[in-house]
Amino acid sequence: MTVQLLEADYLVIGAGAMGMAFVDEILTQSSTDLVILVDRHAKTGGHWNDAYSFVSLHQPAAFYGVNSEKLGSGGAALASGCEVLAYYERVLAKLVATGRLRHFPMCESSGNGRFVSLVEADLKYQVTVRKKTVDATYMNVRVPSTTEPEYPVSSEITLRPPNELPAVRRPRSGYVIIGAGKTGMDAVLFLLNQGVDPDHITWIISNDAWFLDRAQIQPGRVFDEGLGGQFQNIASAGTLTELLLSLEADQRLLRLDKDVWPTKYRCATVSLDELEKLRSIANTVRLGRVVRIDSDAIILQHGSLPTGSEVLHVDCTADGLAKREIRPVFDGDTITLQSLFMCQQVFSAAVIGNIEARVDGEQRKNALCQVVPHPEFSRDFPLALSVSMKNMESWGREFGMWLGRSRLSMASHDSTFKLLWGAFKARKVMPVAVEKMRLIIDQEFGIEAD
């Protein structure tokens, strides 16, 4: 057995959405850089390879993918998982055709420029990296099909990931959806769209979360009615509760049950039609997380409910957007891809690629890459928004023209008139909004925002 010796300017570990956005930017901005791309999957697309067949984007395709290639019909379209995988296959072929990208699927990195095949023991590689090694796996997106539930389950109980819902071939006495995130909502909506009676569905919700109205996160609306409009709400609020109620009153935030105060904020996005369908589930259980599932009962933190072998239980508890410890994006010969704009990790990866290509000096690069961990609780929202907007302000000064051309940037889809009008309105309210944001962050975290 011999080790194959390779050379490249960049060794990118992870061919998911963030890795592809970074590679696309590097190859677009340089005519000479060579990239080696390594991933455990057989095809590019990362977690999309493991997701359920009925998955789709929750936000517009206009903001997703890579900068150099439109996804699907673009605009407000919600591309399906199949469309996303086909898109990444097309993008890969285009980038490989440049002669400057080599893709090594079904391989795993072992550090220090080494990686090995997952299917052939004799295939081992050592890469001489001339510039940087890029960790595109750090955000660690998890899906139920590849993540074991954190609770024990009786052998008499049928528990499946949502991937297996389309394979159901006989009616069940009931369906229990465990988890209230994006995956849980998708599972509930899938069953309802197949004609399952809402009363036959039990939905276990350990924590309610705020939802974003998809209609306000559309190309051409983000910096007017959507994100831009939030500064009016911030300027009028003195506490986090006042802010959330103000956003709800303007339908910028939604909740499942008007009588239940959400404690989470995970950037989950729904349409008003989807929300009404979700509200049709009367059997919502708010007794905390599942502790275990016995043969005749689901034991939760604060109670239990009966179940049985004829009930299909669907596990949707994998945390796809887990908050990770912040690392420097640029650290010597390593780049760690992380989110720099709230809940826009793919755009963030493209920004990092752009900064790597055009900005000199590690300190200056990191100053432009203030990490924005995925928000989890309601109080995380104002802090994540504050850092996101500071990053955007810095990017506007440093590479405003690139932002205006980047299809992954929400701002690029607004007309010049709307951007100018939004900036004019924001200028009037921004000083007050910034001060109120600082006040709320200080109240919630005991820290003063910079």
Go through the range 171-191 and count every residue that is open to solvent by 30 Å² or more (accessible area, probe 1.4 Å) and either touching a Pro at 6+ places or on another chain (Cβ under 9 Å) or modelled with pLDDT of 95 or more (or both). 4
Search result, residues across the range 148-163 that are out of contact with any strand residue (DSSP E or B) (no Cβ under 8 Å at 6 or more places or on another chain) and crowded, with 16+ Cβ neighbours inside 10 Å: 163
Strands (runs of 3 or more DSSP E) wholly inside the range 292-341 containing at least 2 residues that are open to solvent by 60 Å² or more (accessible area, probe 1.4 Å) and in contact with a strand residue (DSSP E or B) (Cβ under 8 Å, 6 or more places away or on another chain): 303-306
Of the listed residues (347, 330), the one being of a type in the set (Phe, Trp, Tyr), farther than 18 Å from residue 189 by Cα, modelled with pLDDT of 95 or more and within 20 Å of the chain's Cα centre (by Cα) is 347
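Conditions tested, residue by residue: (1) within 27 Å of the chain's Cα centre (by Cα); (2) open to solvent by 20 Å² or more (accessible area, probe 1.4 Å); (3) at pLDDT 95 or above; (4) on the phi < 0 side of the Ramachandran plot.
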{"residue": "394", "(1), (2), (3), (4)": "yes, yes, yes, yes"}
{"residue": "407", "(1), (2), (3), (4)": "yes, yes, no, yes"}
{"residue": "410", "(1), (2), (3), (4)": "yes, yes, no, yes"}
{"residue": "413", "(1), (2), (3), (4)": "yes, yes, no, yes"}
{"residue": "420", "(1), (2), (3), (4)": "no, yes, no, yes"}
{"residue": "432", "(1), (2), (3), (4)": "no, yes, no, yes"}
{"residue": "446", "(1), (2), (3), (4)": "no, yes, no, no"}
{"residue": "449", "(1), (2), (3), (4)": "yes, no, no, yes"}
For residue 377, indicate whether it is in contact (Cβ under 8 Å) with a residue 24 or more places away in the chain and buried (at least 18 other Cβ atoms within 10 Å of the Cβ). no
Across the range 12-26, the tally of residues that are part of a helix (DSSP H, G or I), of a type outside the set (A, V, I, L, M, F, W, C) and under 17 Å from residue 141 (Cβ atoms) stands at 1
Using the structure shown, decide if residue 145 is under 20 Å from residue 17 (Cβ atoms) and open to solvent by less than 80 Å² (accessible area, probe 1.4 Å). yes
Cβ-Cβ under 8 Å pairs, at least 6 apart or on other chains, the range 180-208 side more than 19 Å from residue 271 (Cβ to Cβ), far side surrounded by 21 or more Cβ atoms within 10 Å (Cβ to Cβ) and modelled with pLDDT under 95: 204/180; 205/180; 206/180; 207/180
Answer yes or no as to whether residue 3 is surrounded by fewer than 21 Cβ atoms within 10 Å (Cβ to Cβ) and either closer than 20 Å to residue 126 by Cβ or of a type in the set (Val, Ile, Thr) (or both). yes
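The values are calculated or read from the model by the stated rules, or taken from the named source; none is laboratory data. These numbers come from a predicted model, not from an experiment. We place every Cβ from the backbone using ideal geometry, glycine too, and count neighbours over all the protein chains shown. Areas reflect the complete protein model, heavy atoms only, side chains present, ligands, DNA and RNA absent. Shrake-Rupley method; radii C 1.70, N 1.55, O 1.52, S 1.80 Å.
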